[in-house]
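Written below as structure tokens is the structure these notes are about.
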Amino acid sequence: ILFLCYGNILRSPYAEARWNVWRQQQPELPSASSAGFHDNTNRETPTRFQSAAAHRGIDLRAHRSRRVTEAEVAEASVIFVMDLRNLQDMQREFPEALGKTLLLGALGDAEEPEIPDPYGQPIGAGGAVYRQIDSTLAALHMRLATHM
């Protein structure tokens, strides 16, 4: 599983970390990684979002942002993007991978399939986004568990 967002500092690294925590308990789950479309790499998750993630049991202190590569896209069985901007980035950069690309939020609330970028938003936006990611990943986990 490849999780993608714009900057790879907030949403996709959280999704990767949450999924891989579950994978430690269930090694048969597919592995996960994350990246982004932002050209500046090696950036840290801002402290307030590290705190919001830690409040939910996820440690993002060691995370550093990465830009998605063609090899990662080719290797991924499924790619989850967070919002329509990410989907447009996929269409522009990796049109051949659109058939295996989905909006992560569509697994949860079909009425609001996007997981918004909390960067630059008021305090509390990160926690709300992380709750939404947890909910959608739980839905994905349940779907996969019924097929294993």
Whole number in Å², please: accessible area per residue of the chain, 1.4 Å probe, ligands, DNA and RNA not counted. 52
Which value at 222 nm does the chain reach when only helices count, each DSSP H run of 4 or more adding -39,500 (n - 2.57), with the total divided by all residues and rounded to the nearest 500 deg cm²/dmol? -13000 deg cm²/dmol
Reported to the nearest 10 Å², Thr47 has, with a 1.4 Å probe, an accessible area equal to 100
List the residues whose amide H sits under 5 Å from the amide H of Phe3, counting only those 5 or more places along or on another chain, with H placed 1.01 Å from N in the peptide plane. Ser33, Ser34, Ala35, Phe80
Measuring from label point to label point, each 7 Å out along Cα→Cβ, what is the Val78 to Gln91 span in nm? 2.2
Within the set Leu137, Leu84, Leu103, GNM on the chain using Cα springs under 10 Å gives the largest fluctuation to Leu84
Roughly to the nearest percent, how much of the accessible area of the range 1-88 is carbon and sulfur, given a 1.4 Å probe? 46
For log10 I(q)/I(0) by the Debye sum over Cα atoms at q = 0.08, 0.09 Å⁻¹ the list reads (i) -0.19, -0.24; (ii) -0.26, -0.32; (iii) -0.32, -0.40; the calculated value is entry (i)
Read phi for every residue in the range 6-21 and hand back ³J(HN,Hα) as whole Hz from Karplus 6.51 cos²θ - 1.76 cosθ + 1.60, θ = phi - 60°, with x for Gly and Pro. 5, x, 6, 10, 10, 7, 5, x, 5, 4, 4, 5, 4, 4, 6, 5
Mind checking the dipole of the range 1-126: about its Cα centre, +1 per Lys or Arg Cβ, -1 per Asp or Glu Cβ, Debye to the nearest 20? 500
Tell me, what HN-Hα J-couplings in whole Hz come from the Karplus equation 6.51 cos²θ - 1.76 cosθ + 1.60 at θ = phi - 60° for each residue of the range 49-63, using x for Gly and Pro? 7, 4, 5, 4, 5, 4, 4, 9, x, 10, 9, 10, 4, 8, 5
Just the number, please: percent antiparallel of the DSSP beta bridges in the chain, rounded to the nearest 5. 10
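The values are calculated or read from the model by the stated rules, or taken from the named source; none is laboratory data. Note that the structure is predicted; figures quoted are calculated from it, not measured. Here Cβ is always computed from backbone atoms with ideal geometry, including for glycine, and neighbour counts include all displayed protein chains. Please note that ligands, DNA and RNA were not included when accessible areas were found on the heavy atoms of the full protein model with its side chains. Shrake-Rupley method; radii C 1.70, N 1.55, O 1.52, S 1.80 Å.
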